Amino acid sequence: MLVDSHCHLDYFSAEELPGVIARAAESGVGEMVTIGTRLAQAPWQKQVAEENPGVWAAIGIHPHNAGEGDLPSPAELISLTDHPKVVAIGETGLDYFYDKAPRDRQAENFRIHIQAARQTGLPLVIHARDADDDVAEILRDETGKGAFPFLLHCFSSTRALAETGLELGGYLSFSGMLTFPKSQTIRDIAKDVPKDRLLVETDSPYLAPVPYRGKKCEPGWTAHTAKMLGELHGLSPDGIAELTTANFRRLFSRTA
């Protein structure tokens, strides 16, 4: 069985969602984590997770949304994770490509989420785009205050950030970008990641893998990314599924 470690089920309508989840199961993707980008989503995420055995939730504020109103305290964020199907905090991090929120607010938001991850032991789901140096600096600084589990999701950053993340105990997750013809640099990095730190995802509805480029991505298409990742590491489809699911259980420990 495969796990889509990062998807956004809120982008699918109530009418679409049952089919999306059913098609995922038919493709061998038995579980998925629907990711939060605003705290107001939390009630809906918990409900969807309760209603669907294979769905888990992560609660957090995306860097794009860090400028919307007051940021929560770590305690306020932690209070929203008091549910057995909330298995992670995030996504959070830094995005300097779009710069939709002031960079100081993004950094403050990132550090609040780190504190919550450290206190709960839940993994932190990190978004990094065109901000590798600052992401690495914050990770090093905060790890110095106490370790916390984390995942660099949809990895498309530099080898330097990958190495920093691994050095600090983090995991890397790869999306459909891994299958894109122009993504050789990402494939080279993915090939060098230790097998026990690898996860797969879709980031659906974005980044549909080959052969579905240009279409609305679904969790079931995790299988295409997993196949490519398996080939890079000399593993069969069953082998990469077993490996990445075991890694998922270790990092997202509430799902074990």
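Just so you know, all these numbers are worked out from the coordinates, no wet-lab data involved. This one's a predicted model, so the numbers in the text were calculated from it and none came from an experiment. Every residue, glycine among them, receives a Cβ derived from its backbone with ideal geometry; neighbour counts consider all protein chains shown.
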Exercise. Averaging over all projection directions, find the projected area of the Cα convex hull of the chain and quote it in nm² with one decimal place.
Key: 12.1
Quiz item: In the structure displayed, which of Lys100/Lys227; Lys100/Lys145; Lys100/Lys216; Lys46/Lys227; Lys182/Lys227 lie more than 27 Å apart, Cα to Cα?
Solution: Lys100/Lys227; Lys100/Lys145; Lys46/Lys227
Practice problem: Could you tell me the convex hull volume per residue, in Å³, taken over the Cα atoms of segment 1-117? | Solution: 108
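Once the mean 1/r over all distinct Cα pairs of segment 103-204 is inverted, what Kirkwood radius in angstroms do you read off?
13.9
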Exercise. Provide the convex hull volume over Cα atoms per residue for segment 1-64, in Å³.
Key: 77
Self-check item: Choice from Leu168, Leu229, Leu199 with maximal GNM fluctuation in the chain (Cα, 10 Å cutoff)
Solution: Leu168
Exercise. Over 19 Å, how big is the tail of the calculated P(r) for segment 54-152, in percent of all Cα pairs?
Key: 35
Practice problem: Would you compute, from DSSP H runs of 4+ residues alone, the mean residue ellipticity of the chain at 222 nm, taking -39500 (n - 2.57) per run and dividing by the full residue count, rounded to the nearest 500? | Solution: -12000 deg cm²/dmol
Quiz prompt | Lys, Arg +1 and Asp, Glu -1 on Cβ, resulting dipole of segment 2-255 about Cα centre, debye, nearest 20 | solution = 380
Quiz prompt | Selected from Asp104, Asp134, Asp70 as most flexible by GNM, with the chain as the system and alpha-carbon contacts under 10 Å | solution = Asp70
Practice problem: Could you tell me which of Leu243, Ile189, Val210 has its Cα farthest along the dipole of segment 158-256 towards the positive end, charges placed at Cβ (Lys, Arg +1; Asp, Glu -1), taken about the Cα centre? | Solution: Val210
Self-check item: Simple label model, 7 Å out from Cα along Cβ direction - Glu167 to Lys216, nm
Solution: 4.3
